[in-house]
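Quick notes on the structure that follows.
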Amino acid sequence: MNYLPTFVPAPREVTAAAIKTAILERLAYDVGKDPGHAVAKDWCSALSHVVRDHVVDAWMPSTRRTYADGRKRIYYLSMEFLVGRILPDAIANLGLDEACRAAVNDLGLDYEEILSSEADAALGNGGLGRLAACFLDSMSRLGIAGYGYGIRYAHGLFRQRIENGVQIEEPEDWLVSGHTWEFERPEVTYRINFGGHIAPDGDGRGVWHPGDTILATAHDTPIAGWQGQHVNTLRLWAARPTHIFDLDLFNRGDHVTAAERAVSAETVSRILYPDDSTTEGKELRLKQEYFFTSASLQDLVRRYLSNHDDLTTLPDHVAIQLNDTHPSIAVPELIRILSDEHGLSLAAAADITQKTISYTNHTLLPEALERWPSDLFARLLPRHMEIVRWLDQRHLAQAGDSDTGATAGTVGIVDPGNGDVRMGHLAFVGCGRVNGVSALHTELMKQTVFQDLHKLHPDRIVNQTNGITPRRWLYECNRPLRDLLTETIGREWVRDLETINTIEPLADDGDFRGRFADAKRQNKVRLASEIKQRIGLKVDPDAMFDVHIKRIHEYKRQLLNIIEAVALYQAIKADPGGNWTPRVKIIAGKAAPSYHVAKDIIRLINDVAAVVNNDPGVGHRLKVAFLPNYNVSLAEKIIPAADLSEQISTAGMEASGTGNMKLSLNGALTVGTLDGATVEIRDHVGAENIHIFGMTAGEVFARRADGYDANATIAGDRRLEAAIAMIENGTFSPDEPGRYAGLIGGLRQGDYFMVTADFAAYYDIQRVIDGAFQNTAEWMRVAILNTARMGWFSSDRTIRSYASDIWGIDVPETISGGG
């Protein structure tokens, strides 16, 4: 066998002069531009190519080490990877910031403008996708041989525009100028089959004869760990047709029909979360999930077989983690690959699958645990429907032998009532471990959505509280605080966030508090400028920046926030000479296109803002700013500037929340319910350093069970009644007085999310927070303690826990203990 020589690059000179020369070369040879005609995006592309070379220098040796050491590989399957801008992330992780900044400045360019001209990769929506990105960062930081698998969405999630207060969805064009960071792998292509029928072969085994096939083509992006010690891969799949178009039809003039199959195939990787309120939308969603899951499993089995001969040892060398229910089709797909393509029995394939795959649950909302009508499932994936029914029958037989009282209705994969395939149940039954993402969420999983399955398999559910990467969410996004921390305690906290607790004694140091406050104000000035640029609203950087940044959903209770804003507005109007704490309510997030209640909440926020912000009687004491098109880059500006973090979900409904971790790490105080990871944040930062209000999860469940009377609550609270009346009477929508009749009617007719029930406690604690903010020294002392005590919430800690408790691997000591 002939072996080609291994390419070992010469060490690159990391100086401003060397990088400046490299930028000019890349501008010429990769971008094809002369400096005199280059625009910001051109310079950004040139700089990205320069930094990418440094990443690749570490990427290839990392891959070689993984093969040479025979290390177990971790495959993370997720519908979303909200990576944000990759250039500043790579620059920071490789320690190139000062050299790149000096090189760009020496060229007479604005460094921040160049970095900000990179488009955010539109590959995710919220916490789920950002968690996946943080986990990839941490796997690289810890030297774990990790692979991310997802979809290369051509347009991703929609771009949000606000017009007359209304959310308008527009296609995201993040790929229009190309994606410097990816490497297309046209040779890595897999056939993804749909439809058709099952027919027996000569041995009586069922053989799938598909009716349609599309292709999945790989695109790789390197993900560098801290100081470039290890680099992993994010592999995204693009959908392609098996034939570009029908040449015969094209030549006969039927140009549209000739291209139909190509357009249909490419639609699979076009948009994240297409509207599934129609049958066609449901079919596309299921196609997407199977598309990337099948391609990923085919790819990892192919890679495994390049080094191993025996598929029965797959769990010893491979661990697959499913990020929520979207990729749970991996269970029957891996069984199919092992049995149909490699000759294992169904029983053996199912046992291997269960030892290989683990499942992370992110929701307690039954409607968010996907289920598919059996007729749709069987029509698109007939072989998988057979495997699901076989797996269901086997599991029900095991359940029948237990003394738990389990029935097909409670633990069956196929719902005996309506025939739906319950994907959460499929993942639970087919995987070896099922984990929650906060201590509360994990316990509630056992008591609610998976109660009967947990009784059958009491050792299957484990907890892995989420975390965030300190590289992105402090070191990169908050330069003023980063510089203060590094000057004060060194840079070890970036590698090991738990060492940040060494600043805790400095919370009582007046000089340090002053410098911490100055860092916060610098960030607030920057955000104030961004608000003015985006929506034309001037805000005071010395006011309290009260931040609520999340996907717009009823359980996240942006509606509670804006009703409290109305009540506060009324109170200020009634007592204009009062000692009011100036406050800017900053809200951002997107509503799913078909989620009309959430879109009404966005409109109400903007309608309230239009009145409040233009009332001279209120002035600077209250402003409401809804910032459109929330994404990672906007979060990187909002989070460092936040004084107050809104974590006000209905208790028992937020699985974890990672925004709360980012905001607290950056010195924001939390106002929240005892929900998700806020419970654990309270335990770490101290109950006296967080503002908790409202009902507990148990109290919410009890009040619902007793039959909650929202109208009685409204009538019994004059502040709430007055605020609701102001919305109902059209004060904020004079052109359409009844605009919010449905939204408020939803509160009056049951209020499932307990907005009215928690209103009084929420309003009262906000006035306590007003008073606390006026004592600047004490507020900053508590803010410093929040930052100092958030080290446990690093995603590095989370990934170490996954490694030991779920994946069965050791973190390489050379990386874990490196500088």
Item to complete: Tell me, please, whether a residue that is at pLDDT 80 or above, more than 30 Å from W59 (Cα to Cα) and either β-branched (V, I, T) or open to solvent by 40 Å² or more (accessible area, probe 1.4 Å) (or both) can be found in the range 216-227.
Response: no
Worksheet entry | Which numbered condition A651 fails, given (1) among the aliphatic types (A, V, I, L, M); (2) assigned to a helix (DSSP H, G or I); (3) closer than 27 Å to T442 by Cα | (2)
Discussion item. Here are the criteria: (1) outside any helix (DSSP H, G or I); (2) in contact with a Ser or Thr (Cβ under 8 Å, 6 or more places away or on another chain). Tell me which single one F512 does not satisfy.
Written reply: (1)
Worksheet item: For the range 710-730, which residues satisfy the criterion of being touching an Asp or Glu at 6+ places or on another chain (Cβ under 9 Å) and assigned to a loop (DSSP other than H, G, I, E, B)?
Response: G730
Discussion item. Based on this model, can you work out whether L136 counts as open to solvent by less than 40 Å² (accessible area, probe 1.4 Å), part of a helix (DSSP H, G or I), touching a strand residue (DSSP E or B) at 6+ places or on another chain (Cβ under 9 Å) and at pLDDT below 95?
Written reply: no
Worksheet item: Can you name the number of the only condition in (1) in a strand (DSSP E or B); (2) crowded, with 21+ Cβ neighbours inside 10 Å that R161 fails?
Response: (2)
Worksheet, complete the sentence: Checked the range 733-764 for anything open to solvent by 10 Å² or more (accessible area, probe 1.4 Å), within 33 Å of the chain's Cα centre (by Cα) and closer than 16 Å to N606 by Cα; matches are R739, L743
Worksheet, complete the sentence: If you go through Y111, Y153, the only one that is of a type in the set (S, T, Y), open to solvent by less than 20 Å² (accessible area, probe 1.4 Å) and in contact with a Cys (Cβ under 8 Å, 6 or more places away or on another chain) is Y111
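Quick grid of which residues meet (1) of a type outside the set (K, R); (2) touching a helix residue (DSSP H, G or I) at 6+ places or on another chain (Cβ under 8 Å); (3) closer than 20 Å to A725 by Cβ:
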| residue | (1), (2), (3) |
| --- | --- |
| I563 | yes, yes, yes |
| L568 | yes, yes, yes |
| I572 | yes, yes, yes |
| G578 | yes, yes, no |
| K590 | no, no, no |
| H596 | yes, no, no |
| R621 | no, yes, no |
Worksheet item: How many residues, within the range 445-475, are under 26 Å from the mean Cα position of the chain (by Cα), at pLDDT 95 or above and open to solvent by less than 40 Å² (accessible area, probe 1.4 Å)?
Response: 17
Worksheet entry | Every residue from the range 484-497 that is in contact (Cβ under 8 Å) with a residue 24 or more places away in the chain and under 17 Å from L94 (Cα atoms) | W493, V494, R495, D496
Worksheet, complete the sentence: Within the range 475-499, the residues that are assigned to a helix (DSSP H, G or I) and in contact with a strand residue (DSSP E or B) (Cβ under 9 Å, 6 or more places away or on another chain) are L497, E498
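Conditions (1) of a type in the set (G, A, S); (2) under 17 Å from D137 (Cβ atoms); (3) in contact (Cβ under 8 Å) with a residue 24 or more places away in the chain, marked per residue:
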residue	(1), (2), (3)
P9	no, no, yes
A16	yes, no, yes
H54	no, yes, yes
G84	yes, yes, yes
A99	yes, no, yes
Practice prompt. Go through (1) open to solvent by 20 Å² or more (accessible area, probe 1.4 Å); (2) more than 20 Å from V176 (Cα to Cα); (3) out of contact with any helix residue (DSSP H, G or I) (no Cβ under 6 Å at 6 or more places or on another chain); (4) in a helix (DSSP H, G or I) one by one and return the number of the condition R101 breaks.
Written response: (3)
Item to complete: Test T404 against the criterion of being hydroxyl-bearing (S, T, Y) and at pLDDT below 95, and give yes or no.
Response: yes
Worksheet item: Taking the stated definitions as given, is T363 farther than 18 Å from E333 by Cα, surrounded by 15 or more Cβ atoms within 10 Å (Cβ to Cβ), of a type in the set (S, T, Y) and out of contact with any Lys or Arg (no Cβ under 7 Å at 6 or more places or on another chain)?
Response: yes
Discussion item. Looking for something part of a helix (DSSP H, G or I) and under 22 Å from Q393 (Cβ atoms) - is there at least one such residue anywhere in the range 411-423?
Written reply: yes
Practice prompt. State yes or no: is A571 surrounded by fewer than 20 Cβ atoms within 10 Å (Cβ to Cβ), aliphatic (A, V, I, L, M) and modelled with pLDDT of 95 or more?
Written response: yes
Worksheet entry | Within the range 750-808, helices (runs of 4 or more DSSP H) holding 2 or more residues that are closer than 30 Å to E721 by Cβ and among the aliphatic types (A, V, I, L, M) | 755-773
Item to complete: Return the pairs, sorted by first residue and then second, in which the second residue is among the acidic types (D, E), the first residue lies in the range 415-437 and is open to solvent by less than 10 Å² (accessible area, probe 1.4 Å), the beta carbons are less than 6 Å apart, and the residues are 6+ apart or on different chains.
Response: M423/E370
Worksheet item: Can you name the residue in the range 529-552 that is in a helix (DSSP H, G or I) and in contact (Cβ under 8 Å) with a residue 40 or more places away in the chain and is also most open to solvent (accessible area, probe 1.4 Å) among such residues?
Response: R534
Discussion item. It is to be established whether one or more residues within the range 291-300 are aliphatic (A, V, I, L, M), outside any helix (DSSP H, G or I), touching a strand residue (DSSP E or B) at 6+ places or on another chain (Cβ under 7 Å) and crowded, with 23+ Cβ neighbours inside 10 Å.
Written reply: no
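The values are calculated or read from the model by the stated rules, or taken from the named source; none is laboratory data. On a predicted model such as this, the values are computed, not experimentally measured, just so you know. Glycine gets a Cβ as well: all are built from the backbone with ideal geometry, and neighbour counts include every protein chain shown. When the accessible area is computed, the model is the full protein with side chains, heavy atoms only, and any ligands, DNA or RNA have been set aside. Shrake-Rupley method; radii C 1.70, N 1.55, O 1.52, S 1.80 Å.
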